[in-house]
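Have a look at the structure below, then the notes.
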Amino acid sequence: MSSTVFDSALFRDMFGTAEMRGVFSDKALIERYIEVEVALARAEARCGVIPAEAAEQIAELATYESLDLALMQHETEIVGYPILPLVEQLSKTCGEAGRYVHWGATTQDIMDTAVVLQVRAALAIVERDIQAVRGLLAELALRYRDTPMAGRTHLQHALPITFGYKCAVWLSMFDRHAERLVELRPRVEIGQFAGAAGTLASLGDKGLEVQEALMAELGLGVPQATWHVARDGLAEALNFLGLVTGSLGKIALDVMMMTSELGEVYEPFVKGRGASSTMPQKRNPISCELMYAAAKGVRQHSGLMLDAMIQDFERSTGPWQAEWIAIPEAFALSAASLGQAKFMLAGLEVRTERMRKNLDMTQGLIVAEAVMMGLAPALGRQVAHDVVYAACRLANDQGTSLLDALLAQGEATAQLDLAELQRLTDPANYLGLAPQMVDIALAREGAVPR
């Protein structure tokens with residue numbers, strides 16, 4: 001029976017993806033355990049620790065299909081960990097070679113390395129989806145490079161920007177996430193093999209040789225030192241997911257707030273999507289809501305991983321198990337959020353006419369700074385500020401445009417002619433370097449539109 005959004009038949013594809021669930025499924029995890037045990041046998045055979053024929057037999061007979069999963073589940077609850085029940089079954093399945101299964105290893109060696117293999121596969125999915133989001137944002141930035149709209153600070157009109165500039169700001173976050181991912185993977189994708197207390201004592205002088213051979217078998221990095229209780233690698237991975245979903249949440253919040261009254265952008269229209277059971281007019285921003293929720297969920301798990309870094313002595317009593325909760329759920333939420341972002345950005349409805357209408361709604365007040373800077377050479381900045389400030393108050397009080405208020409006031413017309421005041425009070429003429437900033441963002445390697 002399903003009991004959470006992650007395994008619910010109703011909600012699982014809103015809070016995860018089938019692809020990511022496959023990476024972290026029970027079957028996939030157990031198969032990773034077996035993969036590590038087989039790789040260990042092969043590595044030890046190569047190093048002369050166990051007979052080569054034993055390693056071959058283990059590789060042939062140690063399979064997921066050979067397991068009694070009900071028995072393994074029952075014994076896992078008794079033992080507290082799945083590796084001892086797994087090893088017992090594999091040892092019997094492998095016959096005479098079974099005596100060499102799990103040679104010199106400890107439970108956490110197998111479980112940590114298996115999780116790293118899962119994380120490696122999961123990060124590859126995340127990397128692919130980040131690249132897709134970057135491509136979509138680059139397309140939007142280029143298409144709307146010169147499309148003027150109101151920039152807002154403290155939820156109020158500030159200065160004109162372009163929608164392409166806004167998309168370039170979003171893009172810049174994902175460019176940095178792509179860099180972070182490249183940098184963190186060598187630190188995270190490191191295997192674990194160190195024995196009971198991390199000293200490889202059971203393998204004598206062969207320990208480090210076997211460790212290196214095992215990592216070569218699995219394509220993982222060799223640890224600098226045992227990381228049974230040094231959990232910064234996995235914590236970094238989940239806090240990276242926190243950054244990614246935080247950026248997705250920021251985009252979601254912007255898009256949600258640009259609908260309805262603003263009417264500037266909408267999620268793609270799909271019949272029935274975001275519908276209300278009682279209000280036929282509703283078109284709720286479902287993708288944004290899920291992205292926003294995912295950011296909060298991943299933040300909790302990234303915090304849990306930071307807390308789980310504080311472990312006692314050479315083997316933890318509890319924090320390690322907290323990782324079992326945090327890692328699969330954080331990756332599920334991240335995959336879901338990236339999937340929703342790809343859907344939304346690929347079909348984002350951009351209402352440029354509403355952007356222009358909203359830009360003009362304050363009748364030129366949004367470019368009061370432009371007028372001030374136009375008057376400053378003649379009046380000085382502070383006097384120019386006071387003149388324009390007074391004109392803004394007049395425009396607000398009388399419901400007129402900033403241009404009309406300036407014309408009625410007199411101080412501005414003494415310095416600037418009508419044509420210049422008309423130019424200065426047109427928001428489309430005060431975009432700053434927003435379009436050029438789009439060009440800079442798109443010039444980054446890998447950020448050009450498809």
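The values are calculated or read from the model by the stated rules, or taken from the named source; none is laboratory data. Model, not experiment: these values are computed from the prediction. Neighbour counts run over all protein chains shown; Cβ positions are idealised from the backbone, glycine included. The accessibility values were calculated without ligands, DNA or RNA, using every heavy atom of the protein model including side chains. Shrake-Rupley method; radii C 1.70, N 1.55, O 1.52, S 1.80 Å.
General remarks:
- Search result, residues across region 376-416 that are open to solvent by 20 Å² or more (accessible area, probe 1.4 Å), within 12 Å of Gly364 (Cβ to Cβ) and more than 48 Å from the chain's Cα centre (by Cα): Asp404, Leu407
- For first residues located in region 1-13 and more than 23 Å from Ala341 (Cβ to Cβ), partners that are among the aliphatic types (A, V, I, L, M) and open to solvent by less than 100 Å² (accessible area, probe 1.4 Å) and lie 6+ apart or on another chain with Cβ distances below 8 Å form the pairs Ser2/Ala9.
- Among the residues listed as Gly233, Gly207, Gly249, the single one being under 25 Å from Met149 (Cβ atoms) and either in a helix (DSSP H, G or I) or open to solvent by less than 70 Å² (accessible area, probe 1.4 Å) (or both): Gly249
- Selection from region 29-53 of residues that are open to solvent by 50 Å² or more (accessible area, probe 1.4 Å) and in contact (Cβ under 8 Å) with a residue 40 or more places away in the chain: Arg32, Glu35, Arg42, Arg46, Gly48, Glu53
- Helices (runs of 4 or more DSSP H) wholly inside region 259-378 that include at least 3 residues being out of contact with any strand residue (DSSP E or B) (no Cβ under 9 Å at 6 or more places or on another chain) and in contact (Cβ under 8 Å) with a residue 12 or more places away in the chain: 286-308, 319-346
- Residue within region 139-150 that is of a type in the set (D, E, K, R), surrounded by fewer than 19 Cβ atoms within 10 Å (Cβ to Cβ), out of contact with any His (no Cβ under 9 Å at 6 or more places or on another chain) and within 24 Å of Ala370 (Cα to Cα) present: yes
- Residues (open to solvent by less than 30 Å² (accessible area, probe 1.4 Å) and under 14 Å from Pro435 (Cβ atoms)) located in region 162-180: Thr162, Phe163, Gly164, Cys167, Ala168
- Qualifying residue in region 54-69 (condition: open to solvent by 20 Å² or more (accessible area, probe 1.4 Å), at pLDDT 95 or above and among the aromatic types (Phe, Trp, Tyr)): yes
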